[in-house]
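The values are calculated or read from the model by the stated rules, or taken from the named source; none is laboratory data. Values in this document were obtained by computation on a predicted structure and should not be read as measured data. Cβ coordinates were reconstructed from backbone atoms using ideal geometry, including for glycine residues, and neighbour counts include every protein chain displayed.
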Amino acid sequence: MDVTLKVHRFVEDRKWVQEYKVPVTVGMTVLEALINIKEKQDPTLLFTCSCRSSICGACAVRVNGNAELSCEILVENLLKRYNTDTLEIEPLGNFRVIRDLIVDWDPKYARLKKIKPAMEPKAEFSPETGCKQSPEEFNKYKKYAGCILCGSCVSECNKNALNEKDFLDPFVFVKAEKLVADSRDRDPKAHLQAVQDAGLWRCFNCQECTAKCPKGLDPAGAIEKLKEATFRMRLSQDVGGKHAKAIYDDISDSGMLDESKLNIKSEGFIMAGLRLPMALRLMNVGKMNPLESHPVNPEINTIRAIVKTAEKETE
Amino acid sequence: MKYAFFPGCVLKGAAAEAYTSMQKVCEKIGIELVEIENWTCCGASHAQGVNDLAALAVNARNISIAEHMGLPIMTVCNTCTLQLRTAKHRLDSDEKLKEKVNGILKEAGHPYQYQGTSEITHFLWVLDKHSELLKDKVTRPLSDLKVAGYYGCHILRPQEIMDYEDGKHPQSLERLIKTLGAKSVEFSAKRKCCGFHAQLAAERDVLTVTGQIVDSADKAQADVIVTPCPLCQMQLDMYEPEGREAVHSRAEVPILHLQQLVGFALGMSKKDVGFDRHVSAQEKLKLD
């Protein structure tokens, strides 16, 4: 049986979709299919690859709109998933394309530098004694050391797709959390402040990065840990952080979100006041009633005690 | 069929029509909903970014009440489902964490411990898994209606937690639309995130994507967009005018809660399902 690969080509500002047919063999990866095309049909098709063992991260592409490591995803499994005999192969999303399936990493490395991406050891360490830490301390960040910089996490990032200038790439957040959680680092707050300044709270929480990471690193989870650290390290909060805090506080205040006050708590009276036309729109269809009192959960004392006890545990 | 129902905050507030239509539809198809007594907010995908352990303990409490009722939990909100299932997944896979959280519940005076005995599901999954629920009950096949099914994010991802179907190629919503007699329409922005959770922090981008989603469904000639998430529904419905402005579109498309579309197919009127509480495109939905 053949698979038809519709490959998105891009050569010197010219874009087109080229179809190739490749005989499917058992265990064939998408990368092997691409190599088959290059060796037997079209030497002009360009893509990157190296280790072919899911380690180097060089071969990620989009298949039917989803980022995949082409050296590990099997053609037969994809045909089964999409119930088709045709797959669409594109370069990773949210990257500048250099040619065909090759994307430009230079702008991404420049963005990575925004977070001061190197561990600076505490003064107590020295070349003689090393930078020792306990297994427990190591376990706090070891997962995030597994990033292979393949770029899959950013390919379908919804925030990046709209505007990357005031946000970072998910792998940058992973790197940042690795540094912030590393007990050997001299100034975790410096990395954290840089991340917050570069758009931490603008994440849509769409979970695309976590769904696409081939190493299971959960970049969306790393973003949540960084957010939590901004409170633990007492960074001043902008609207995103204030909004999260308002929701968190509502659980202890009444047990439920108080929608009518969320904007005031998040943005302040003046900004919230500018939203009056929206409030009127909602009142008009009965979605908001400023005269309605907000109910308080009958078990609010227990709920407050749960939150307080948990907070004490994390102090 | 009986479930411990976790409505979530917006069903008791701005999306109250989602609550009433859910009650009516479930009654008609033979699902008994018993609301979890004194439930609290799931954290709305934000609380864990302030204090993760507190957010986890609050959801352990929610789940433990349903466990005491001896019932599986059902929600009709993507984010509530994700928050509750994430808590369950973490507590079930880490005995030490479970002990710690149960210690917090006990110290705070909560009468129940988290056991891990109640499954957590979403209304869409229940309808998809139990097709007999709708069998012979569709009295108004929506054969003239072209429906753009918009999943939203949290019912699909992360796969490890939301493992009902393949999140990279979901089909449950399309199957349901067809079961109701309507035509499922493919549209290019189907998999984009509506941005609800960043509406304040990244407002301009969120309004742009709101406009893109509605415009894309309109270009695919959809009569309505239907979603299993009340947060997506609110974002697309409430901000549809600003979304139009952001992408210079003229698209006006009604945005339905999943249970409203089911209600229509079961013969309910627009008023029955609370369609009069919608902000956008009320006049565009024509049903006999």
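Figure legend. Inter-residue proximity from region A:198-223: first residues at the interface with chain B (Cβ under 7 Å from one of its Cβ atoms) and crowded, with 24+ Cβ neighbours inside 10 Å, second residues outside any loop (DSSP other than H, G, I, E, B) and of a type in the set (S, T, N, Q), beta-carbon distance below 6 Å, spacing 6+ or different chains. Indicated pairs: A:Phe204/A:Asn158; A:Cys206/A:Asn158. Using the structure shown, decide if B:His122 is out of contact with any His (no Cβ under 8 Å at 6 or more places or on another chain), away from every other protein chain (no Cβ under 14 Å) and of a type outside the set (Lys, Arg). For B:His122, the condition - out of contact with any His (no Cβ under 8 Å at 6 or more places or on another chain), away from every other protein chain (no Cβ under 14 Å) and of a type outside the set (Lys, Arg) - is met.
Quick one: in region A:272-298, of everything that is among the hydrophobic types (A, V, I, L, M, F, W, C) and in contact (Cβ under 8 Å) with a residue 24 or more places away in the chain, which residue is nearest to B:Ala14 (Cα to Cα)? Applying the filter and picking the extreme gives A:Met288. The helices (runs of 4 or more DSSP H) falling completely within region A:30-128 that include 3 or more residues that are without any contact (Cβ under 8 Å) to a residue 60 or more places away in the chain and within 14 Å of chain B (Cβ to nearest Cβ) map to A:75-82. Checking each residue in region B:28-66 for being in a loop (DSSP other than H, G, I, E, B), among the aliphatic types (A, V, I, L, M) and at the interface with chain A (Cβ under 10 Å from one of its Cβ atoms) picks out B:Ala44, B:Val50.
If we keep just the residues of region B:140-152 that are in a loop (DSSP other than H, G, I, E, B) and crowded, with 19+ Cβ neighbours inside 10 Å, which is nearest to the other protein chains (Cβ to nearest Cβ)? Only one residue fits best here, namely B:Gly152.
In the list B:Lys137, B:Lys129, which residue meets the criterion of being more than 17 Å from the chain's Cα centre (by Cα), surrounded by fewer than 23 Cβ atoms within 10 Å (Cβ to Cβ) and not β-branched (Val, Ile, Thr)? None of the others qualify; the one that does is B:Lys137. Listed by position, the strands (runs of 3 or more DSSP E) enclosed by region B:153-257 that each have at least 1 residues that are of a type outside the set (Gly, Ala, Ser) and in contact with a Phe, Trp or Tyr (Cβ under 7 Å, 6 or more places away or on another chain) are B:224-227. Could you tell me whether A:Glu267 is under 29 Å from B:Gln235 (Cα atoms) and at the interface with chain B (Cβ under 7 Å from one of its Cβ atoms)? Answer is yes for this residue.
If you check A:Lys308, A:Lys261, A:Lys245 for being more than 9 Å from chain B (Cβ to nearest Cβ), out of contact with any helix residue (DSSP H, G or I) (no Cβ under 7 Å at 6 or more places or on another chain) and among the basic types (Lys, Arg), only one passes: A:Lys261. Inside region A:144-197, residues that are surrounded by fewer than 21 Cβ atoms within 10 Å (Cβ to Cβ) and among the polar types (S, T, N, Q) make up a count of 3. Return yes or no: is A:Asn263 surrounded by 19 or more Cβ atoms within 10 Å (Cβ to Cβ), outside the structural domain of A:Arg62 (by TED's automatic domain parsing), modelled with pLDDT under 95 and of a type outside the set (Gly, Ala, Ser)? Answer is yes for this residue.
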